[in-house]
Amino acid sequence: MPGTRKLGKPTDQRMAMLRQQVTDFLDTGKMETTVTRCKEIAPLAEKMITLGKKNTLASRRSALSFITREDVVTKVFSETAPGYSERSGGYTRITRTGPRRGDGAECAVLELV
């Protein structure tokens with residue numbers, strides 16, 4: 001786990017939520033959520049893209065153990081990761097968008113660079 005933020009959930013629920021959000025983020029390439037969740041999702045997504053750049057059977061299996069949908073793994077390995085072959089890291093960008101109207105939580109947009 002990249003950070004020590006508990007996000008108000010027990011470990012199993014937190015990991016399930018992060019796995020799902022990373023899967024959705026890699027599928028769409030963009031996600032709007034709170035700043036703290038963005039800071040937790042970004043390193044996990046970057047690790048999956050790095051595995052996609054290696055493109056070995058072991059890295060694909062490692063990605064399949066974290067990403068919840070097989071079609072997203074295929075997309076990462078065939079489309080997303082080859083686009084970052086020249087780049088050695090920093091595949092994501094967090095842009096703050098201001099407080100949410102309902103509860104005032106600081107929101108941000110996480111996107112692929």
Next on the checklist: Could you tell me how far the Cα centroid of segment 84-113 sits from the Cα centroid of segment 1-73, in Å?
Outcome noted: 14 Å
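Please tell me the relative contact order of segment 69-113 in percent, rounded to the nearest whole number, where contacts are Cα pairs under 8 Å and at least six residues apart. Don't skip to the end; give the middle numbers.
On the way: 35 pairs, mean separation 13.7, N = 45.
The normalised contact order for segment 69-113 reaches 30 percent.
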Item to check | Among MET48, MET15, MET31: highest mean-square fluctuation, GNM of the chain, C-alpha pairs under 10 Å | outcome: MET15
Next on the checklist: Before I look further, what does segment 48-100 give for accessible area per residue, probe 1.4 Å, in whole square angstrom?
Outcome noted: 61 Å²
Checklist entry - Quick one: helix 57-66 against the long Cα principal axis of the chain, what's the angle to the nearest 10°, folded into 0 to 90? => result 20 degrees
Checklist entry - Which far-off residues, 5 or more places away or on another chain, put their amide H under 5 Å from the one on ARG69, with H placed in the peptide plane? => result none
Item to check | Accessible surface of the chain, 1.4 Å probe, proportion on carbon and sulfur as whole % | outcome: 48 percent
Checklist outcome for this item: Residue-normalised 222 nm signal for the chain, counting each DSSP H run of n ≥ 4 as -39,500 (n - 2.57), nearest 500 deg cm²/dmol, is -15500 deg cm²/dmol
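What does the charge add up to near ALA108, with Lys and Arg as +1, Asp and Glu as -1, over the other residues with Cβ less than 13 Å from its Cβ? Please report the intermediate quantities before stating the final value.
Details: positive: LYS30, ARG37, LYS39, ARG93, ARG96, ARG100; negative: GLU32, GLU40, GLU106, GLU111.
Once positives and negatives cancel, what remains is +2.
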Item to check | Distant-in-sequence amide H partners of THR33 (H built 1.01 Å from N, under 5 Å) | outcome: ALA108, LEU110
Checklist entry - GNM on the chain, C-alpha springs below 10 Å: top fluctuator among ASP71, ASP103, ASP12? => result ASP103
Checklist entry - Under a straight-distance cross-link criterion of Cα-Cα below 25 Å, which lysines are reachable from LYS53, leaving out those fewer than 8 residues away in the same chain? => result LYS30, LYS39, LYS75
Next on the checklist: Using only Cα atoms and rounding to the nearest 10 degrees, what angle (0 to 90) does helix 11-28 make with the longest principal axis of the chain?
Outcome noted: 70 degrees
Checklist entry - Relative contact order, percent, of segment 1-79 when contacts are C-alpha pairs under 8 Å separated by at least 6 residues? => result 33 percent
Checklist entry - Of the residues SER59, SER88, SER78, which exhibits the maximal mean-square fluctuation in a Gaussian network model of the chain defined by a 10 Å Cα contact cut-off? => result SER88
Checklist outcome for this item: The answer for ALA105, listing residues at least 5 apart or on another chain whose modeled amide H is closer than 5 Å to its amide H, is ARG100
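The values are calculated or read from the model by the stated rules, or taken from the named source; none is laboratory data. Just so it is clear, the model here is predicted, and its values are computed rather than measured. Every residue, glycine as well, gets a Cβ built from its backbone with ideal geometry; the counts of neighbours run over all protein chains shown. Note: accessible area is taken over every heavy atom of the protein model, side chains too, but ligands, DNA and RNA are not part of it. Shrake-Rupley method; radii C 1.70, N 1.55, O 1.52, S 1.80 Å.
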